[in-house]
Amino acid sequence: MNPFGWLLALSRRKSPWIYCTSAGSCNGCDIEVGPCMTPRYDAEQLGVLRQGSPKHADILLITGPVTLRARDALLSIYAQMPGPKAVVALGSCPASGNVYARSPTVDGPVSKFIAVDVWVPGCPPRPQQILAGIAQAADLLARGQTADQKREAAS
């Protein structure tokens, strides 16, 4: 057991770094992620910092249905993230494909490829809901209850 575990848990809860990726959407959810970082919704009060590289992120935000073309890129991004990590699926598309569900280019829900820790419903979800999902994922990280952490503990 790490003697500084309490410090790691505190930092994971109070300073989540996020990386947002689109798996092939209409960009409605992506447009709603932007305002989360503005002073109106103030994600910085939660310590949220948007990263330009998955190698520096704790939480992966996924928008859109997983398309055939984006599937391998999404899996590569997930593999690049250091553990422990959490996954937040934004909107209806990652869960069901929404209006794109029967498209021949959509390869199913994101949970078919990556274990999702937090689902944020809506089309698109409001910035307040997105921030609540990020806060919930940060709390799961701090408590060691993400799918990634459970898989590591089982091994």
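Figures for the structure shown
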item: Given (1) without any contact (Cβ under 8 Å) to a residue 12 or more places away in the chain; (2) more than 17 Å from Ile134 (Cβ to Cβ); (3) under 17 Å from the mean Cα position of the chain (by Cα), index of the condition Gly34 fails; result: (2)
item: Failed criterion for Leu75 (all others in (1) surrounded by 12 or more Cβ atoms within 10 Å (Cβ to Cβ); (2) under 24 Å from Gln128 (Cβ atoms) hold); result: (2)
item: Selection within the range 1-23 - modelled with pLDDT under 85 and under 18 Å from the mean Cα position of the chain (by Cα); result: Ser11, Arg12, Arg13, Lys14, Ser15
item: Candidate set: the range 38-55, residues that are surrounded by fewer than 17 Cβ atoms within 10 Å (Cβ to Cβ) and in contact with a strand residue (DSSP E or B) (Cβ under 6 Å, 6 or more places away or on another chain); chosen: the one farthest from Pro127 (Cα to Cα); result: Gln51
item: Residues satisfying the stated conditions in the range 97-142, i.e. of a type in the set (D, E, K, R) and at pLDDT below 90; result: Arg102, Asp107
item: Complete set of residues in the range 7-21 that are within 20 Å of Gly122 (Cβ to Cβ) and either among the hydrophobic types (A, V, I, L, M, F, W, C) or crowded, with 21+ Cβ neighbours inside 10 Å (or both); result: Ile18, Cys20
item: Extreme residue, farthest from Leu10 (Cα to Cα), among residues of the range 93-142 that are of a type in the set (A, V, I, L, M, F, W, C) and assigned to a loop (DSSP other than H, G, I, E, B); result: Ala101
item: Hits in the range 56-72 - residues which are among the charged types (D, E, K, R) and buried (at least 22 other Cβ atoms within 10 Å of the Cβ); result: Asp58
item: Whichever residue in the range 104-131 is free of Cβ contacts under 8 Å to residues at least 24 places away in the same chain and touching a Pro at 6+ places or on another chain (Cβ under 9 Å) and, among such residues, is surrounded by the most Cβ atoms within 10 Å (Cβ to Cβ); result: Gln129
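The values are calculated or read from the model by the stated rules, or taken from the named source; none is laboratory data. None of these values were measured; they are calculated from a predicted model. FYI the Cβ positions are ideal-geometry reconstructions off the backbone, even for glycines, and counts take in every protein chain you see.
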